[in-house]
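Beneath this line is the structure, given in structure tokens, with notes to follow.
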Amino acid sequence: MSDHDEVTTGGMLDQLPDPDPQGTRDWLDSLSDVVEREGPERARFLLRRVLEHAATLRVGLAPPLSTDYLNTIPASAEPGHPGDEALERRLLSITRWNAAAIVSRANKPELGLGGHMASYASAAELFEVGFNHFFRGKDGDHPGDQVFFQGHSSPGVYARAFLEGRLTERQLDRFRQEAEPGGLSSYPHPRLMPEFWEFPTVSMGLGAINAIYQARFNQYLARRGLADSAGSHVWAFLGDGEMDEPEAVGALGVAARDELDNLTFVINCNLQRLDGPVRGNGKIIQELESLFRGAGWNVVKVIWGRRWDELLASDPATAAELVARLNELPDGEWQTLAAESPAYVREHLFGGSERLRALADGRSDEEIIALTVDRGGHDLRKVYAAYHAAVTTKGRPTVVIAQTIKGRGLGREFEARNSTHQMKKFVRGTLNTFRDRLELTDISDEALADGYPPYYRPAEGSRELRYLLERREALGGPVPRRQVRAQALDLPGPDTYKRLKQGSGKQLVATTMALVRLVKDLLKHPDVGKRIVPIIPDEARTFGMDSLFPELKIYSPKGMTYDAVDRELVLSYKEDARGQILHEGITEAGSTSEFHAAGTSYATFGLPMIPLYIFYSMFGFQRTADLMWSAADQRARGFLIGATAGRTTLNGEGLQHQDGHSLLIASTNPACVAYDPSFAFEIPVIVADALRRMYGEDPEDVFYYLTVYNEPFVQPPMPESLDESLILQGLYRYRIAGDGHAHRAQIVTSGSAMPQVLAAADLLAA
């Protein structure tokens, strides 16, 4: 480069002065020299190492969003595997067998119940490493970890519980027969199995967002000094296809912003959806890496098993060509390679250059096949290293992105096939091969004669069962397990509810404002007040709840590092690390997920909390019904407040606020107690009874949905003759008008229509 050449970058740096043009020129010349002498691959390697080193020096430069198609943790940096790997492999084979047996036996001709073999088969190692070394149980006073299991993998979780002695063969044979005594739900379902499952996850994407807000709520409890959640880790097991759901990725920024290092996502990338590849022409692992890195997560890729370590340690030129080949092959081809012949693999994976062909030529056909199916998610040592990195990372959440093969271990007729998700039983003749591959020699040919696999459990006291039970004992007991240890609350007396029953005098008051007044009174109660969790999706001022800001403060892990623009006002905006209000921003899905965590705290931490989520009514069952049904399935308790409800409010904003149907949808949920109060005096009656039912001596696992309105009118006092039980019943006679007339009209109404109906009754009586 001549002295008069200019150093240009073609980007934003052109706008900044260069304090040392000659030094910059030397750096760029060096890079050009590397590309010329050693090629672009070497240049890429060096630049990535520089960026990694820059991150350790905290120079403020963002790391690359995508790295090579390799394991994040090199073999040289892996921690030693602490368990008996051979014994864990043996237990894994037994669990794989029983998981397949559960589904296969559920599809005998007289049953035909469906189910899924391939999902658990691909995730088996991912679960087993967690069970053996990471998932904390609830023995003693420890709340344990919160594990959101991938829904379609439930047979594998049942199979392991069977080995632990928690489930019987009779129960396994009642898989997908929830109505039968002892029947097992098809998917994780606390409503159906309240002592086993904690979190319902089969509605795609909801497990991901619920896990994020569970981890956030755990830290909220700790910062408020209400529970010791430091020993609890939140795990979410997800599928790569599931990550296309908006709920699965919509709150990634929340997890990074709140530095949720108590959270780990494990994404099982078997590269397949239900009908075909997730990204046939792309690379879902690389796409997810960029997405999570960009959101601020720690990313650990587990792509290759240990057979690949030797290949990647080849001479630099060969290794560079191999990495380039791994980078360029799309997922559709990787799926095909897992199911094809050795000749196909040699041609399509290693046939691109002499160096790559030489790598393959030195290996037998068996070794070639073993190599193509040696994905990192099936290597216990690689998975352990990833989980260890996840739980020891501080200051940010971690995602483990693991490559697996759908149907792994079930046989070549299952593995990586597009139809694998729909395979429910074994083809004739393949069952014996499956047994032999798993080396379960105790199972005889005679036991397989009918084509349906028997369950297998080693003898009591066997080496396998001793190891399995010892590992769970060391980790605090079985997982999953739902355990309710909560005590009844000291509930407010009648004086707390007196004010709203007296009416508003001459003042015009909407029922939304009446509810907020009651909440303020409840917050003063010494026991109930600290347990109320106001959840507000950025509409506090709309609902008149901004008056809570100065006293309760808004929860923020970082506290308040700035001067609020309204700091001189009485109702100024105040954030605090010990704040009580969860002000979630404009996210109904996130707010409802927070409702899940708060509403089930009585079970996860033995600490009853009272979530009160207030929102525009149209953003309730009309918009987030799936999450609200999920909350019901999780046995959540608390209050959902559909505010400014009805078809007469905010007409100028169009149909998005004309809600007359969310209440009707809510009433279809058997765990939801839905009311549409007309008068302010009805609200304290309903709330008092709700607190008794949800938090009293014999609590029920229900939640309440109340609509409140925006139309102000003079609130009458409660009629002295009115029996409060009739309000709770949901229908009562408020007024008799027009006595003595030959014809009478009986008018039934609720909510904000009441003033108009009363006026109509007066007209009819005139």
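The values are calculated or read from the model by the stated rules, or taken from the named source; none is laboratory data. Predicted model, so just to flag it, every value in this text is computed and none were measured. Heads up, the Cβs are rebuilt from the backbone with ideal geometry, glycines too, and the neighbour counts pull from every protein chain shown. Heads up: the accessible areas ignore ligands, DNA and RNA and are worked out on the full protein's heavy atoms, side chains in. Shrake-Rupley method; radii C 1.70, N 1.55, O 1.52, S 1.80 Å.
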Residue count, the stretch 371-405 (criterion: among the basic types (Lys, Arg) and either assigned to a strand (DSSP E or B) or within 21 Å of Gly253 (Cα to Cα) (or both)): 3
Within the stretch 241-293, considering residues that are touching a strand residue (DSSP E or B) at 6+ places or on another chain (Cβ under 8 Å) and among the polar types (S, T, N, Q), the one surrounded by the most Cβ atoms within 10 Å (Cβ to Cβ): Asn270
Cross-chain or 6+ apart pairs with Cβ under 8 Å, the stretch 558-583 first and touching a residue at least 24 places away in the same chain (Cβ under 8 Å), then open to solvent by 30 Å² or more (accessible area, probe 1.4 Å) and of a type in the set (Ser, Thr, Tyr): Leu571/Ser547
Considering residues of the stretch 615-640 that are aliphatic (A, V, I, L, M) and modelled with pLDDT under 95 only, the residue nearest to Pro200 (Cα to Cα): Ala625
Residue in the stretch 157-177 that is assigned to a loop (DSSP other than H, G, I, E, B) and within 21 Å of the chain's Cα centre (by Cα) present: no
Hits in the stretch 248-278 - residues which are of a type in the set (D, E, K, R) and at pLDDT below 95: Arg273, Asp275
Residue list for the stretch 220-240, restricted to those being at pLDDT below 95, crowded, with 18+ Cβ neighbours inside 10 Å and closer than 14 Å to Leu263 by Cα: Ser229
Test result for Val266, more than 20 Å from Leu65 (Cβ to Cβ) and within 18 Å of the chain's Cα centre (by Cα): yes
Residues being surrounded by 13 or more Cβ atoms within 10 Å (Cβ to Cβ) and farther than 19 Å from Thr318 by Cβ - total across the stretch 35-49: 3
The one condition in (1) under 15 Å from the mean Cα position of the chain (by Cα); (2) not in a helix (DSSP H, G or I) that Ala211 fails to fulfil: (2)
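The rows are residues; the columns are (1) modelled with pLDDT of 90 or more; (2) touching a strand residue (DSSP E or B) at 6+ places or on another chain (Cβ under 6 Å).
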position: Met694; (1), (2): yes, no
position: Thr707; (1), (2): yes, yes
position: Gln715; (1), (2): yes, yes
position: Met718; (1), (2): yes, no
position: Ser725; (1), (2): yes, no
position: Leu728; (1), (2): yes, no
position: Tyr734; (1), (2): yes, no
position: Gly740; (1), (2): no, no
position: Arg744; (1), (2): no, no
Hits in the stretch 434-453 (condition: under 19 Å from Ile102 (Cβ atoms) and over 34 Å from the mean Cα position of the chain (by Cα)): Arg435, Arg437, Leu440, Asp442, Ile443, Ala447, Leu448, Asp450, Gly451, Tyr452
Matching helices (runs of 4 or more DSSP H) fully within the stretch 215-303 where at least 3 residues are small (Gly, Ala, Ser): 252-257, 284-295
Residues satisfying the stated conditions in the stretch 226-240, i.e. among the charged types (D, E, K, R) and in contact with a strand residue (DSSP E or B) (Cβ under 8 Å, 6 or more places away or on another chain): Asp240
Every pair of residues 6+ apart whose Cβ atoms lie under 7 Å, when the first sits in the stretch 8-34 and is acidic (Asp, Glu) while the second is exposed (fewer than 11 other Cβ atoms within 10 Å of the Cβ) and modelled with pLDDT under 90: Asp14/Thr8
Count of the stretch 541-570 residues which are of a type outside the set (Gly, Ala, Ser), outside any loop (DSSP other than H, G, I, E, B) and surrounded by 14 or more Cβ atoms within 10 Å (Cβ to Cβ): 6
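Matching residues to (1) within 29 Å of Leu312 (Cα to Cα); (2) open to solvent by less than 30 Å² (accessible area, probe 1.4 Å); (3) out of contact with any helix residue (DSSP H, G or I) (no Cβ under 6 Å at 6 or more places or on another chain); (4) not in a helix (DSSP H, G or I):
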site	(1), (2), (3), (4)
Ala62	yes, no, yes, yes
Ser66	yes, no, no, yes
Pro79	yes, no, no, yes
Arg89	yes, no, yes, no
Leu113	no, no, yes, yes
His116	no, yes, no, yes
Ser122	yes, yes, yes, no
Gly130	yes, yes, yes, no
Hey, Thr749 under 34 Å from the mean Cα position of the chain (by Cα) and hydroxyl-bearing (Ser, Thr, Tyr) or not: no
Residue in the stretch 132-153 that is surrounded by the fewest Cβ atoms within 10 Å (Cβ to Cβ), counting only those that are part of a helix (DSSP H, G or I) and touching a Ser or Thr at 6+ places or on another chain (Cβ under 7 Å): Gly151
Subset of the stretch 27-60 [at pLDDT 80 or above and assigned to a loop (DSSP other than H, G, I, E, B)]: Gly39, Leu57, Val59
Among residues of the stretch 358-390, those that are polar (S, T, N, Q) and surrounded by fewer than 19 Cβ atoms within 10 Å (Cβ to Cβ), counted: 1
Test for Glu367: is it part of a helix (DSSP H, G or I) and of a type in the set (Asp, Glu): yes
Inter-residue pairs, beta-carbon under 6 Å, first touching a residue at least 12 places away in the same chain (Cβ under 8 Å) and in the stretch 44-63, second assigned to a helix (DSSP H, G or I) and surrounded by 10 or more Cβ atoms within 10 Å (Cβ to Cβ), 6+ apart: Pro63/Leu51; Pro63/Ala55
Strands (runs of 3 or more DSSP E) fully within the stretch 587-704 counting 3 or more residues that are buried (at least 23 other Cβ atoms within 10 Å of the Cβ): 610-616, 638-643
Of the criteria (1) of a type in the set (A, V, I, L, M); (2) in a loop (DSSP other than H, G, I, E, B); (3) within 21 Å of Leu706 (Cβ to Cβ); (4) touching a Pro at 6+ places or on another chain (Cβ under 8 Å), which one Leu500 fails: (2)
Among (1) out of contact with any Phe, Trp or Tyr (no Cβ under 7 Å at 6 or more places or on another chain); (2) closer than 30 Å to Gly144 by Cα - the single one Arg499 does not satisfy: (2)
Residues located in the stretch 409-443, provided they are part of a helix (DSSP H, G or I) and at pLDDT 75 or above: Thr430, Leu431, Asn432, Thr433, Phe434, Arg435, Asp436, Arg437, Leu438
Given (1) in contact with a helix residue (DSSP H, G or I) (Cβ under 6 Å, 6 or more places away or on another chain); (2) under 22 Å from Ala75 (Cβ atoms), number of the condition Gly280 does not satisfy: (2)
Members of the stretch 1-26 that are surrounded by 11 or more Cβ atoms within 10 Å (Cβ to Cβ) and either of a type in the set (Phe, Trp, Tyr) or modelled with pLDDT under 75 (or both): Met1, Val7, Thr9, Leu13
